[in-house]
Amino acid sequence: MSRTFKIAVLPGDGIGPEVMQQALAVLDAVSRKAGVTFAFNHQLVGGAAIDATGKALPAETVSACEQSDAILFGSVGGPKWEKLPPNEQPERGALLPLRKHFGLFANLRPGICYASLTASSPVRPDLVEGGFDVLCVRELTGGLYFGQPKSRTTLADGDIEVIDTMVYKKSEIERIAHVAFKAAMQRRKHVTSVDKANVLTNSVLWRETMIEVARQYPEVTLAHLYVDNAAMQLIKAPRSFDVLVTENLFGDILSDEMAMIAGSLGMLASASLGKPKGDGLFFGLFEPSGGTAPDIAGMGIANPIAQILSAALMLRFALGMNAEANAIEDAVRQTIESGLRTGDIFTGVAGTRKVNTAEMGAAIVSRL
Ligand code: IPM
Ligand code: MG
């Protein structure tokens, strides 16, 4: 009897559904080849869920996720829902609660610039020549995103005061540090920890803790950068990074920058993982790092690669199908090398051809 994996599929809004369709086609191809069954449980989330049920994260969606081996997520949000009260909007009403509910504290974002795609990078060619490979490890359930108190108050004099709080416990820093050092052991054994220790109390503890945890990984070298400098070094010397580990908000910002330098946000996959389950695998939510791209939603021209690579990360981290994950990553690389480009990465370089979402997806499937 073949193995069956239960996958909660949450396409969401904007380009979510169209890129998800391509990722599911890739998974179907994998399932035929590997002889496993993926039972996809499609659920509403974000604006789509608000329109259908009034809630960004319906209870049914949460329970479907709880009963699954992994969550494959598209993207949520868009102009249509921006006038709702902030906490009911798709991002704060669905994505953040999902991350918190499942304790998905470790967000892995592989910023890979293929040698064949350096022309798509907006930075000077000599800085990205030969491509690069940075793994951003972003803490995902702490810091300013979730810290309490959070408030908006109209003061007696009519002024308005807003508060967001940056909170980290040492234990939270330790566990993300271990994720970063373990990842580095499988890579080039270098960790760059990014903080703002010259200003923030949070960052002082962050840096102390990184140094402490590093002692357990003597083979790994540890460097520290202030976040403003890190933003600069990513542009100036992307190849100097191996694993970049940082807190929630810094990671949000730097991972977009990293993705753009690598060619496009449309290429950046991500894995949001909880505690290891004990069998070497993780429950997780796997989603592209880019947004819903409302400007091109529904046009069938979005880049499906971030979604497809997120499905590969799901196979690797949640389902233990490493060979199949590698096969998808190879198929993506070969498709790029063959010259196919969606609009976001098309620059008109000789030997390349502009394709749409479905053509890109089909080309990747055909290489599996
Ligand atoms: C990301 C996104 C989210 C974040 C938004 C949609 C809440 O930008 O995953 O990077 O800020 O974490
Ligand atoms: Mg972001």
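The residue that is nearest to Glu287 (Cα to Cα), counting only those in segment 1-14 that are in contact (Cβ under 8 Å) with a residue 24 or more places away in the chain and either open to solvent by 20 Å² or more (accessible area, probe 1.4 Å) or assigned to a helix (DSSP H, G or I) (or both), is Pro11.
Going by the conditions given, is Leu117 under 21 Å from Pro288 (Cα atoms), within 16 Å of ligand 2 (Cβ to nearest atom) and touching a residue at least 24 places away in the same chain (Cβ under 8 Å)? Considered against the rule, which asks whether it is under 21 Å from Pro288 (Cα atoms), within 16 Å of ligand 2 (Cβ to nearest atom) and touching a residue at least 24 places away in the same chain (Cβ under 8 Å), Leu117 comes out as no. Restricting attention to segment 264-282, does a residue exist that is acidic (Asp, Glu), modelled with pLDDT of 95 or more and away from ligand 2 (no atom under 15 Å from the Cβ)? Checked segment 264-282: no residue is acidic (Asp, Glu), modelled with pLDDT of 95 or more and away from ligand 2 (no atom under 15 Å from the Cβ). Taking every residue in segment 190-201 that is surrounded by fewer than 15 Cβ atoms within 10 Å (Cβ to Cβ) and pairing it with any residue that is in a strand (DSSP E or B), at least 6 positions away or on another chain, the pairs with Cβ-Cβ distances below 7 Å are Asn198/Tyr226. Close Cβ contacts (under 7 Å, 6 or more residues apart or on different chains) running from residues in segment 281-294 that are farther than 15 Å from Gln22 by Cβ to residues that are more than 13 Å from ligand 2 (Cβ to nearest atom) and modelled with pLDDT under 95 comprise Phe282/Pro276; Phe283/Lys277. In segment 151-179, the qualifying residues are those that are out of contact with any strand residue (DSSP E or B) (no Cβ under 6 Å at 6 or more places or on another chain) and within 16 Å of ligand 1 (Cβ to nearest atom), and the one that is farthest from Val199 (Cα to Cα) is Asp164.
Just one of the listed residues (Ala323, Ala293) is within 16 Å of ligand 2 (Cβ to nearest atom) and surrounded by fewer than 24 Cβ atoms within 10 Å (Cβ to Cβ), and it is Ala293. Among the candidates Ala29, Ala39, the residue that is within 24 Å of Ala323 (Cα to Cα), more than 20 Å from the chain's Cα centre (by Cα), part of a strand (DSSP E or B) and touching a residue at least 12 places away in the same chain (Cβ under 8 Å) is uniquely Ala39. Among the residues of this structure, Thr352 counts as one that is open to solvent by less than 50 Å² (accessible area, probe 1.4 Å), over 27 Å from Arg99 (Cβ atoms), over 21 Å from the mean Cα position of the chain (by Cα) and modelled with pLDDT of 95 or more.
The values are calculated or read from the model by the stated rules, or taken from the named source; none is laboratory data. Predicted model, so just to flag it, every value in this text is computed and none were measured. Here the Cβ is made from the backbone with ideal geometry for all residues, glycine too, and neighbour counts use every protein chain on show. Heads up: the accessible areas ignore ligands, DNA and RNA and are worked out on the full protein's heavy atoms, side chains in. Shrake-Rupley method; radii C 1.70, N 1.55, O 1.52, S 1.80 Å.
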